[in-house]
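The values are calculated or read from the model by the stated rules, or taken from the named source; none is laboratory data. Here the structure is a predicted model, which is why all the values come from computation and not from measurement. Note that we place each Cβ from the backbone using ideal geometry, even for glycine, and neighbour counts take in every protein chain shown.
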C-alpha cells in the first residue's frame, strides 16, 4: 500500500522498520476470556505476575492485565517458572485450555521451550506489593503499585463502567455533556474553603480559585442547552481527616431547565444511579464481587445494590420536618436535634439505615441552613433534597433554583454576598429566566458505596488530602 | 402507590403537593423533532426566543432549547406575539404542523387564547445578545449568554458528541477510563509553566501544582490496567496571547501497555479521531453544518472531515528527518530550518496543508528537543510523533516511553532533573517494567478543527487565559 503523498513516495516499511522489531501482543485478557473462541488455540498473553507457586514437577503463575476482573492461571515446566516472581511483567505463549484446577474456567498451558515465556520486566524480593495482606494505609504509600491488586483494580474498572453508564443515561435523555471551568473567580457560596492560584494576579486583579462546585456555571449551560450534565474535579481546602473527605474529588452534576417540580430533579438523580447499578450488568457485578474475599461483605454489597433497585419502586421521600420528628421520637441514642439544625451524619445514617433500610430523599430543609440560590418551598423551607444511603449518609444534594430576579437579589443581600461578583449569575434571571433545578454527587462517595470501599482515599487514583500529595 | 417506609405511611402527594404546582413541560425539541410522531398533535414546547417578527396579521418567533441544532418556528396571532422579545423564555402550546415556510420541515401553530403562550422569563431591549452580528470578542464578554446562539451552541453539542464517541471507541478496545489527578507534586518535565496552589504548604512541604499533563500518572494506571484513557483539564501558566492557547484546557490522553511499535500508538490516535468524525453521524454533521452560514466555510469544514476519512486509507507518515528535507527543498518562503531544530507552526501547516493536504504523522524527532521519557529510535532520534493537520498544525503528540530503568535514569540525569521527586515513576521500570506508549490531544484544538472555530477561546465553555477569568 502506498500512502497518499504529493512528494516522493514513502512506503510504510521504510519509515517503520526501525522500531517495529517486535509487537509484543495485540490482545487483552478481556478479549481472550470473554468467549470460548480461543480455547484449544495457541495464544500470547501479556500481563503481570500476581503470584507464583513453584513445585517440583510444575510451576503455576497467576497473571493479570487489569482489563478484566479475571486473572489467568499459567501452567509451566519448573524451569520455565524459575525466572518468575511476584510483580514481574511477562509475555507467555501457550495453549488456552479448560482448567483442571478450581476457581477458573480456563488456564494457559505454556508452550515448551525457552521462548514461550518472555520476561519483559523483572521484579525482585524488594518489590513492595507482595502476595500477602497489605493495609490500605501501606498501599496508599505506594501509589505507583497500589492499583495492581485484584481488589483495587476492580474499583478503577467500576469507576470506568459507572462513568460510561452515566453518559449513556444522560445521552438517552437529551442531555448535553459540558465541561465547566476548574479555575474560577466566583465562589459557589457556602460550599467550603477554596484553594487560590499562583501567580496571584495571572488572571486579573480579583485572583482565581479552584472550583468547589460547577453548579453556577452549569446553570449558564442549562440556559442555552436546557439539559446538561458534567463530570469534573472539585476542590475543598478543608483539613478534615475523615474517611469520607478528599481535597480533590470528582463531581457528577446535572442541571435541567423547565421544571417547577423537585420531583423531576429527584427522578433524574434516581435514574442516573440506577443506570450504574452493577446488578444491571453481569460483568460489572462480577468485577466487584470477585474482588471481595469475605462472603459476608459480598452480601452487604449485594444488599446495597438490591436496595437501590427497590423492587422497581421509586425511592422513599420524606421532608426534613418529618425527618426531625422521626429522629426526635426514635427512642435511639442520637444527638438531639431541633427543627432548624442540620442533620448530623449519625441522623442521616439512622434514617437511611434503620428507618428506610435503603436510599431516602430528604426534602425541604430550612432555608437558614442552605445556600442562597435555593427556591423557597414555604414555611421557611427551600425546595431542596439530600439523598441519604445507609452507612454512608449524604450521597447527592440538589434543589430547585430561585429563578425570580428580585427574590434572588434579596437572598444574596440577606446572605451578605458580593453582588457585583455574581452579576453574570443574576443576569440569568434578568433576561429569559427559566424554572430549573439540579444536583451534584460526589463520585468517589458513590464508588465507595457501590464497591464497599471503606475509605474514600481508596476510591480515587491519586487521593489528595491535607498534608498528602505524594506524586 | 405507597412508598416503602418503616414508620408512618407517607403518600407522595402529601410530600409533593406544595411545589408540584406546575410541571412546565417534559419534552425537548430534540425529542419532538426527531420523528414525525407528533405531527398534527398538540404539544407544549419550552425554549428561548432567538428572534421574533411581528406583522399586521401574524407573528413569528424562532424558538430554540439547545437540545438540537434545530429551532422551531412558532406562528401566532399578533396579540399573542406582543409580549415576546429576543431572549425571552417561553412555553407554548400549539399544533405541530408541516411548515409552509422555507428552511424548516415543521412549525408550531400556537393554540388560540391567552394561555397558549406563557412567558416564563421576560427579556428587554437591554438584553445584550440580540439577533444581529456580534463579534466573538463581544460574545466572550457575556459568558452567561454567549452559548445561546445557533453557532456557539453547536460547538457545545459537538463537544458532547465527541466525548461520547471517544468513550465508545476506547470501551470497544478494552480501555479503562481513569481520572488522573489535577493537583500534583510532580512536574511532567518540559510541558510548560505551572500554576501553584495556596495555601502553599496545604499538601506538604513540597507544595503542589496544577497538572500540565496526565501522562506520568497515566503510566501508573497502564501498569495496572494495560489500556487506559483519560479526559481531564490541564493547565499552563503561559502568557501566550494566541488563538490556539488556553491557560485551562481539556486533554484526551491514552496510554497502552505491551507495544514496542509506535505504529500501534498511531493506530489508536487515528482510530479515536475517526470515531468522532461528524461524517459518521448525520445528526453530528447537521449540527455543525447548519450553524455555518457561509457556504464556502461549510465546504472547508466538510473537506477537513473528508481528509480525515482519507478514503479509508491510513493517514500519511513521515519522519522528522524527511520532513526537514521537504521543507528545505520546498522552494517556499518558509523560516529556514536545520536538522535538530523544532518545526515551527508554519512548517507544520506547510507539511499538512500543502504537501499532504490532510493529516500527517511526523515521527522520530531529535532526542534533544523532546522530553526525557521518550524511547530512542536510533541516530539521535526518539520514537515519538506529532499529528499535524492543515491550517492548525500540531493536534496530538505522543511517543513510546523509555521502559529500561538504567536508560531512563541516565536520561533524567542528562536533563538535570530532580530524581528523588520522580522515584515513583522510575519504580515502574524497576519492578515489572512493560513496553508502552501513548499520546495526548488538546481537546479544544480538535473541536476548533472539526467545527471550523477560529479562536480556541470559542471552543470551551468558560475560556481562561492570561488576564481573563471573568466568572
Residue that is farthest from residue B:393 (Cα to Cα), among those in the stretch B:232-246 that are surrounded by 18 or more Cβ atoms within 10 Å (Cβ to Cβ) and more than 7 Å from chain A (Cβ to nearest Cβ): B:232
Any hit, the stretch A:301-313, residues being farther than 12 Å from residue A:388 by Cβ and either over 31 Å from the mean Cα position of the chain (by Cα) or not assigned by TED's automatic domain parsing to the domain that holds residue A:280 (or both): no
The listed residue being within 27 Å of residue A:156 (Cβ to Cβ) and in contact (Cβ under 8 Å) with a residue 60 or more places away in the chain, out of A:51, A:99, A:35: A:51
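Per-residue answers, yes or no, for (1) at the interface with chain B (Cβ under 7 Å from one of its Cβ atoms); (2) in contact with a helix residue (DSSP H, G or I) (Cβ under 7 Å, 6 or more places away or on another chain); (3) surrounded by fewer than 24 Cβ atoms within 10 Å (Cβ to Cβ):
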site	(1), (2), (3)
A:194	no, no, yes
A:202	yes, no, yes
A:205	no, no, yes
A:208	yes, no, no
A:214	no, no, no
A:217	yes, no, no
A:225	yes, yes, no
A:230	no, yes, no
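It is to be established whether one or more residues within the stretch A:396-416 are out of contact with any strand residue (DSSP E or B) (no Cβ under 6 Å at 6 or more places or on another chain) and in a strand (DSSP E or B).
Taking every residue of the stretch A:396-416 in turn, none turns out to be out of contact with any strand residue (DSSP E or B) (no Cβ under 6 Å at 6 or more places or on another chain) and in a strand (DSSP E or B).
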First in the stretch B:285-298 and farther than 14 Å from residue B:454 by Cα, second anywhere and in a loop (DSSP other than H, G, I, E, B), Cβ under 6 Å, 6 or more apart: B:286/B:69; B:287/B:69; B:290/B:69
Checking residue B:182 against (1) within 10 Å of chain A (Cβ to nearest Cβ); (2) farther than 15 Å from residue A:176 by Cα; (3) touching a helix residue (DSSP H, G or I) at 6+ places or on another chain (Cβ under 9 Å), the condition it does not meet: (3)
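Condition (residue is modelled with pLDDT of 95 or more, more than 18 Å from residue B:203 (Cβ to Cβ) and at the interface with another protein chain (Cβ under 7 Å from one of its Cβ atoms)) applied to the stretch A:435-445: is it met by at least one residue?
yes
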The stretch A:267-284 - residue that is surrounded by 18 or more Cβ atoms within 10 Å (Cβ to Cβ) and more than 16 Å from the chain's Cα centre (by Cα) and, of those, nearest to residue A:362 (Cα to Cα): A:270
Residue list for the stretch B:378-411, filter: modelled with pLDDT of 95 or more and over 22 Å from residue B:344 (Cα atoms): B:400, B:401, B:402, B:403, B:404, B:405, B:406, B:407, B:408, B:409, B:410, B:411
Out of A:23, A:39, sole residue that is modelled with pLDDT of 85 or more, more than 26 Å from residue A:131 (Cα to Cα) and assigned to a loop (DSSP other than H, G, I, E, B): A:39
Test: residue in the stretch B:166-182 that is surrounded by 24 or more Cβ atoms within 10 Å (Cβ to Cβ) and more than 29 Å from residue A:284 (Cβ to Cβ): no
Yes/no for residue B:444 being crowded, with 20+ Cβ neighbours inside 10 Å and either free of Cβ contacts under 8 Å to residues at least 40 places away in the same chain or in contact with a helix residue (DSSP H, G or I) (Cβ under 8 Å, 6 or more places away or on another chain) (or both): yes
Residue B:400 being within 30 Å of residue A:232 (Cα to Cα), surrounded by 24 or more Cβ atoms within 10 Å (Cβ to Cβ), within 9 Å of another protein chain (Cβ to nearest Cβ) and in contact with a helix residue (DSSP H, G or I) (Cβ under 8 Å, 6 or more places away or on another chain): yes
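Look through B:316, B:352 and report the one residue that is crowded, with 20+ Cβ neighbours inside 10 Å, within 23 Å of the chain's Cα centre (by Cα) and touching a residue at least 40 places away in the same chain (Cβ under 8 Å).
Residue meeting the stated conditions: B:352.
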From A:280, A:207, A:271, residue being at pLDDT below 95 and over 15 Å from residue A:440 (Cβ atoms): A:207
Every residue from the stretch A:383-395 that is buried (at least 20 other Cβ atoms within 10 Å of the Cβ) and part of a strand (DSSP E or B): A:384, A:385, A:386, A:387, A:388, A:389, A:393, A:395
All positions within the stretch B:154-176 that are more than 23 Å from residue A:221 (Cα to Cα) and under 17 Å from the mean Cα position of the chain (by Cα): B:168, B:169, B:170
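Considering the stretch B:114-127 alone, what residues qualify as being out of contact with any strand residue (DSSP E or B) (no Cβ under 9 Å at 6 or more places or on another chain) and either within 30 Å of residue B:446 (Cβ to Cβ) or more than 10 Å from every other protein chain (Cβ to nearest Cβ) (or both)?
Answer for the stretch B:114-127, where residues must be out of contact with any strand residue (DSSP E or B) (no Cβ under 9 Å at 6 or more places or on another chain) and either within 30 Å of residue B:446 (Cβ to Cβ) or more than 10 Å from every other protein chain (Cβ to nearest Cβ) (or both): B:114, B:125.
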Residues of the stretch A:131-174 that turn out to be part of a loop (DSSP other than H, G, I, E, B), in contact with a strand residue (DSSP E or B) (Cβ under 9 Å, 6 or more places away or on another chain) and more than 8 Å from chain B (Cβ to nearest Cβ), as a count: 3
